[in-house]
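Only one structure is covered here, and it is reproduced in the block below.
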Amino acid sequence: MTDGPAPLFTTSRTFDAPRKLVWRVWTEQAHLGQWMSPAGMTQLSSSLDLRPGGVFHYGLRTPDGLEMWGKWVFRTATPTDFLEFVQSFSDAAGGLDRHPMAADWPLETLSTVAFSEEDGKTTVILSAQPVNASENERQTFAGAFGSMTQGWGGTFDKLETYLAATA
């Protein structure tokens, strides 16, 4: 492990929807299942317990049939303002697991999502950084900023479409 600062990934998008609605689609299981996956992937199933220590556990399927599981363990959920959670890959039972395509990916990342509204539009700022990671895991994470930007871009595209249909 290293004591230096962990690389910080940040991305954001402004949505043409009020913050209250954007918060709901980030924090209610029925909504998350409709958009929370990168482009081309579908959500298999999920469970959600939105409270400190609670878990969002979800399964995703790629177009070629690969299944991946993940989970968020919530640290903070301040309604309509802020989420903080430790994100990891998992198995179908919710146990901690390695990234299925990147053995040197950090086991856990600390993620934050901030929501702010201006003139009826909501800006979402998502940040993530490895926790308890080796130097090699930190380098792998930092080297993936391009693909994370692309992945979250596709996810935010799905969210934008879902918000337009939901509003």
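The values are calculated or read from the model by the stated rules, or taken from the named source; none is laboratory data. What you see is a predicted model, and the numbers here were worked out from it, not measured in a lab. Here the Cβ positions follow ideal geometry from the backbone for every residue, glycine too, while neighbour counts run over all protein chains shown.
Some points to look at:
- Residue identified as polar (S, T, N, Q) and closer than 19 Å to G154 by Cα among S37, S47: S37
- Condition check for T80: polar (S, T, N, Q) and not in a strand (DSSP E or B): yes
- Residue match in the range 56-67 (condition: basic (K, R) and in contact with an Asp or Glu (Cβ under 9 Å, 6 or more places away or on another chain)): yes
- Against the numbered list (1) modelled with pLDDT of 95 or more; (2) surrounded by 15 or more Cβ atoms within 10 Å (Cβ to Cβ); (3) in contact with a Ser or Thr (Cβ under 8 Å, 6 or more places away or on another chain), T27 comes up short only at (3).
- Residue check for G40: under 25 Å from F145 (Cα atoms) and touching a residue at least 12 places away in the same chain (Cβ under 8 Å): yes
- Every residue from the range 130-142 that is of a type outside the set (G, A, S), buried (at least 20 other Cβ atoms within 10 Å of the Cβ) and out of contact with any Lys or Arg (no Cβ under 8 Å at 6 or more places or on another chain): E137, R138, F141
- Residue count, the range 97-129 (criterion: free of Cβ contacts under 8 Å to residues at least 12 places away in the same chain and in contact with a Ser or Thr (Cβ under 6 Å, 6 or more places away or on another chain)): 0
Residue-wise test of (1) farther than 27 Å from E117 by Cβ; (2) among the acidic types (D, E).
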| position | (1), (2) |
| --- | --- |
| F15 | no, no |
| K20 | no, no |
| W23 | no, no |
| S45 | yes, no |
| R51 | no, no |
| G65 | yes, no |
| K71 | yes, no |
| D81 | no, yes |
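- Members of the range 149-167 that are of a type in the set (A, V, I, L, M), part of a helix (DSSP H, G or I) and either surrounded by fewer than 18 Cβ atoms within 10 Å (Cβ to Cβ) or touching a Leu at 6+ places or on another chain (Cβ under 8 Å) (or both): L163, A164, A165
- Residues located in the range 43-96, provided they are among the hydroxyl-bearing types (S, T, Y), more than 17 Å from W23 (Cα to Cα) and touching a residue at least 24 places away in the same chain (Cβ under 8 Å): Y58, S90
- Remark: S111 falls outside the filter, which requires a residue to be touching a His at 6+ places or on another chain (Cβ under 7 Å) and under 19 Å from G59 (Cβ atoms).
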